[in-house]
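All of the numbers you see were taken from the coordinates with simple rules; none came from a lab. Quick caveat: nothing in here was measured; it's all calculated off a predicted structure. Backbone-built Cβ (ideal geometry, glycine too); neighbour counts: all protein chains shown.
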Amino acid sequence: MALLVFIASLLFAPFYFSGDQQFYRLTYENMSGLNLMEAYSLYPLFMSSKELGHFITIWMTSGFGIEKNLVMAVVNSLLAFFVMKLFEKWSVSLFVASTICITNYYMLVLYFSAERLKFAVLFFIMSVYYLQNTKKSFALSFLAIVSHVQMLIMYAALLSPKFFLNDFFRTGSIFKPKDTSALVSILIFITGAVLVWMLMGYQITSKIDYYLVAKNGARTPLDLLKAASIFCLTLLYTKRRAEVALAFIPIFILIFLIGNENVNMFAFAIFICYVSRYRRGLNFGILITSIYFCFKSVNFIQRTIATGQGF
């Protein structure tokens with residue numbers, strides 16, 4: 001699968017040259033030959049932010065003179081590889097996993113458009129895959145968050161059910177909890193959040209301010225419609241409904257703050273976490289969402305070929 005995504009990325013990437021990609025390409029080309037501090041000063045002039053995972057990768061590879069599309073094809077193949085490994089770990093059907101990996105609209109967006117978010121999602125998936133290795137998972141989680149600050153919402157979604165539904169929270173006893181892993185997870189998350197705030201606090205607040213101004217305070221029920229639909233569909237395929245509800249609360253809060261751009265992708269990720277493990281993903285929920293997002297993918301590809309971008 002990783003090899004197929006690698007080849008497809010090399011073949012399709014030249015068609016995607018407009019939109020955000022023109023800024024990504026300009027940044028990559030201008031990084032070549034700069035030292036670390038020069039490149040770090042230049043990066044936000046093109047990107048309007050400082051996502052470290054993306055920055056370090058393009059600074060190093062551009063310095064070696066590696067062609068950008070080749071670099072991104074390698075990253076895409078790594079993303080596909082770990083998506084498939086995670087699905088394998090969850091005992092998801094190979095057919096379902098492959099279909100999501102190749103035809104899902106959000107995967108195409110990550111492969112070809114949302115370049116900075118792609119690095120963050122890769123680190124996030126790796127952190128979930130290596131969850132039993134606390135040190136490795138924590139390091140990857142930190143990389144995910146500093147690669148894109150919106151990943152904080154995914155970790156909040158993962159940790160809030162673990163915290164609020166744990167015995168030490170329900171009983172009020174934090175001294176002798178039956179499961180200390182939740183407390184450890186929360187402490188690690190808080191520590192990581194403090195470090196991220198020290199590195200990117202200004203960027204986080206400025207992004208929230210930007211989205212609030214861009215939306216001009218206007219919020220309608222339609223902003224929540226897709227996420228709410230995905231939430232309801234998720235509830236149909238799990239008995240852990242309280243856990244799902246708590247996981248979706250950070251998603252709804254983020255939609256209220258910044259609108260539904262990118263956030264619906266996170267809602268779909270939570271849906272996949274729960275529903276893909278029901279009957280190995282061979283269920284109506286996965287079927288109907290796969291068909292819907294496949295049609296969106298076709299439109300994405302057609303628009304890219306016609307206009308140079310998929311939106």
Where a ≥ b ≥ c are root eigenvalues of the Cα gyration tensor, a/c under 1.5 meaning rounded, otherwise prolate if a/b exceeds b/c and oblate otherwise, region 225-279 counts as prolate
Taking the Cα centre of region 234-311 as origin, work out the dipole magnitude from +1 charges on Lys and Arg Cβ and -1 charges on Asp and Glu Cβ, in debye rounded to 20. 360
Placing each pseudo-label 7 Å from Cα in the direction of the beta carbon, residue 291 and residue 257 end up separated by a distance in nanometres of 3.7
Peptide ranges 17-28, 147-158 listed from the most packed, as the mean C-beta count within 10 angstrom indicates: 147-158, 17-28
Once you order the gyration tensor axes a ≥ b ≥ c over the Cα atoms, which shape class does region 62-135 get: rounded for a/c under 1.5, otherwise prolate or oblate by comparing a/b with b/c? oblate
Can you order the peptides 279-287, 35-43 by their average number of other Cβ atoms within 10 Å per residue, highest first? 279-287, 35-43
Distance in nm between pseudo-label sites at residue 226 and residue 40 (7 Å out along the Cβ direction from Cα): 3.5
Note down the net charge around residue 1, summing +1 for each Lys or Arg and -1 for each Asp or Glu among other residues with Cβ under 13 Å from its Cβ. 0
Charge dipole magnitude, Cβ of K and R +1, D and E -1 - region 67-136, Cα centre, debye nearest 20: 240
